[in-house]
Amino acid sequence: MTLSANEPRELDLDCQAEAERIGRWMVDTLARRLHRRGFVVAISGGIDSSVCAALSVRAVGAGKVFGLLMPERDSSGFSTERGLALAQHLGITHEVFDIAPTLDALGCYRQRDEAIQRVFPAFADDWKSKIVIAGGLAGGINFFKLVVAEPGGDLHEARLPVRDYLQIVAATNFKQRVRKTLDYFHADRLNYAVVGTPNRLEYDQGFFVKVGDGAADLKPIAHLYKTQVYAMARALGLPEAICRAEPTTDTYTLAQGQDEFYFALPYAQMDRALWARDQGMGAAELALAIGISAAQAQRVFDDIEAKRRAARYLHASAETIEPVGPQ
Amino acid sequence: MERIKADLRSYIEANFIMGAGGPVLADGDSFLEHHVLDSTGFLELIAHLEETYAIRVGDDEMVPENLDSLDSVAAYVLRKRG
């Protein structure tokens, strides 16, 4: 298989057959390895968690799947709306739990805003903010910019010093970690297993929070490219609003695409770049297929490898000085 | 130049290598290729340069040519201080 600029076919998937294969694996894993009775799925209203919830229902039936919607102060209202539509569409028991008071008590918003105010002292509650990645695709070192919007809409941006960047990320990571705590409360209460919802791009490139959305008992779509997850959503007949949902982080108050924060390219191109990398293709071939320069394509490949190195820490369980327990 | 390089080496050794085993870093060795610095590591190095040498690293100066070895960082700091 080669990359074609005109007719990208390399990520074509027989979705019905793949849904069947995943469903069998999920049941088998649940009963024979995890020894639990059903699935808890955190539903964000995005494409990945929606497909995971639908695959869970297909595997064990709606009666054995519990959906959790956990909005907070910065979530888009559309996310909960789409999540509720999905839960109703699938006919699963679900609960909406607003995590904002918990996050507030933990200092999530305060710690984040303190770091933002060190860069923009006038930043206030009615302003919005997000972090965007810069530098890498232009041949430089990756760094992060803080973008803030005044209530009137005026935008300001500045490079984030490392201390403030780390504090903002650490504070916002509370969101994924609090959600995971609730996932496991319900999993323990019901004797269910927790479904992790990363797609291949996220799993491979480390776009998740350690002990946050990275924690789960099984990850049924970690091998699927984002493009394939969209195809799967359509094949599973999910509501149109979900099939058309743009990938966002839904974590910062200003709208933020995943490619602004983490990935070098929009997901469809990023999928093809990751696929090409793993097929051992050269930068020139990728460049031709997705319409970027060969030098940029090489930087994308380099960035893929750099993120894989960084992801090792995120995937790793705790180190021990020697193997402990049965080998 | 040699003084700056020696100070930088102490900073890199104290904060990133921390006495762990491995080959000794030569002045021209790439931090990236030797996995001494990752992307957060570079941001830490930049903060250190700005604080220690009272310079402002411009966005367009954050490139491997300026920051990816003891030689290149020392030369960059010297240029910036004029």
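Bear in mind these aren't lab numbers, they're just calculated from the coordinates by the rules spelled out. Everything numeric here is computed off the predicted structure, so don't read it as measured data. Cβ sites come from the backbone with ideal geometry, for glycine too, and all protein chains shown count toward neighbours.
Quick notes
- Ranking B:Ser69, B:Met18, B:Thr52 by how far each Cα lies toward the positive end of the dipole of chain B (charges on Cβ) leaves B:Thr52 at the top.
- Per-residue mean of foreign Cβ neighbours for A:241-250 is 0 (Cβ atoms of other chains, 10 Å radius).
- Dipole axis of the protein assembly as shown (+1 Lys, Arg; -1 Asp, Glu on Cβ), positive-most option in A:Val41, A:Ala255, A:Ile131: A:Val41
- Exposure proxy order (Cβ contacts within 10 Å, fewest to most) of B:Met18, B:Met1, A:Met232: B:Met18, B:Met1, A:Met232
- Overall shape: oblate for region A:167-256, with the ratio a/c of the largest to smallest alpha carbon gyration tensor axis at 1.5 or above and b/c at least equal to a/b.
- Of A:Ala289, B:Gly28, A:Val211, farthest towards positive along the dipole that unit charges on Lys, Arg, Asp, Glu beta carbons give the protein assembly as shown: A:Val211
- Reported to the nearest whole Å, the Cα centre-to-centre distance from region A:165-207 to region B:1-55 is 34.
- Total charge dipole magnitude, chain A, about the Cα centre, Cβ charges on Lys, Arg, Asp, Glu only, Debye to nearest 20: 780
- Inter-chain Cβ neighbour average for residues B:29-35, partner chain, 10 Å: 1
- Qualifying GluC sites (Glu not before Pro) in region B:1-51, DSSP loop, other Cβ atoms within 10 Å at most 14: B:Glu33
- Least to most buried among B:Ile17, B:Ile12 (fewest other Cβ within 10 Å first): B:Ile17, B:Ile12
- Applying 1/(1 + (r/R0)^6) with R0 = 41 Å to the Cβ-Cβ distance of A:Arg234 and A:Ala170 gives a FRET efficiency near 0.65.
- Note on A:Lys145: lysines with a C-alpha under 27 Å away, same-chain residues under 8 apart excluded, are A:Lys128, A:Lys130, A:Lys175, A:Lys210, A:Lys226, A:Lys307, B:Lys80.
- Centre-to-centre, using Cα atoms only, region A:86-157 and region A:256-291 are separated by 26 Å.
- Value of [θ]222 nm, deg cm²/dmol, for chain A, DSSP H segments ≥ 4, -39500 (n - 2.57) each, nearest 500: -15000 deg cm²/dmol
- Within the listed set A:Ile47, A:Ile22, A:Ile141, the Gaussian network model of chain A (springs between alpha-carbon atoms below 10 Å) gives the highest mean-square fluctuation for A:Ile141.
- Aspartates and glutamates with Cα under 14 Å of B:Lys5, excluding same-chain neighbours fewer than 8 positions away: B:Glu13, B:Asp27, B:Asp29, B:Asp68, B:Asp71
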